[in-house]
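Here is the structure we will look at.
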Amino acid sequence: MASATAGPIDQSTRALARYQDGYRLSRTIAGLSQVCKVAGLLAGLFVIVFGVMGSETVMRPNASMIGLASEQAQHNIYLISVIFFGALVALSGWIIGVLLDGYGHQLKATLDMAVNSSPFLSNAQRSQIMRLD
């Protein structure tokens, strides 16, 4: 708890530490968004590559469907479904990354507004926190 004799330097130091923590969190969230984007794209690529590679050994033609679709047609349907599923996995990871990136930038914009209007900070401290210098 702050004492009654806490001066402006103490308040300035506390505000500076609080805003630095907020900016650190904002940068972490933005970095995590990039990781999600890359991981989603790599996971989708792995699904496609291993699905296509395993199509010869994993995909067994359904004998009851031979009258409706030949073995080659069934194989093509399997390949198309693997490609669509891989694309869905990649798109999901990308969307999660974009949402996290938006949240990180929103947090940074909110902190910029709070730092700019803070009566506890000097202009030099503001530019230091916002990394403008």
field: Surrounding net charge for Ala15, when Lys and Arg each add one and Asp and Glu each subtract one, Cβ distance under 12 Å
entry: +1
- line: Taking every other residue with Cβ under 13 Å from the Cβ of Gly31 and scoring Lys and Arg +1, Asp and Glu -1, one gets +3
query: Roughly how many nanometres apart are two label points built 7 Å out from the Cα toward the Cβ at Ala124 and Thr110?
result: 3.1 nm
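Read the figures in this text as sums done on the coordinates, not as results from a lab. Just so you know, these numbers come straight off a predicted model, no measurement behind them. Quick reminder, even Gly has a Cβ in these numbers, built from the backbone with ideal geometry, and neighbours come from all protein chains shown.
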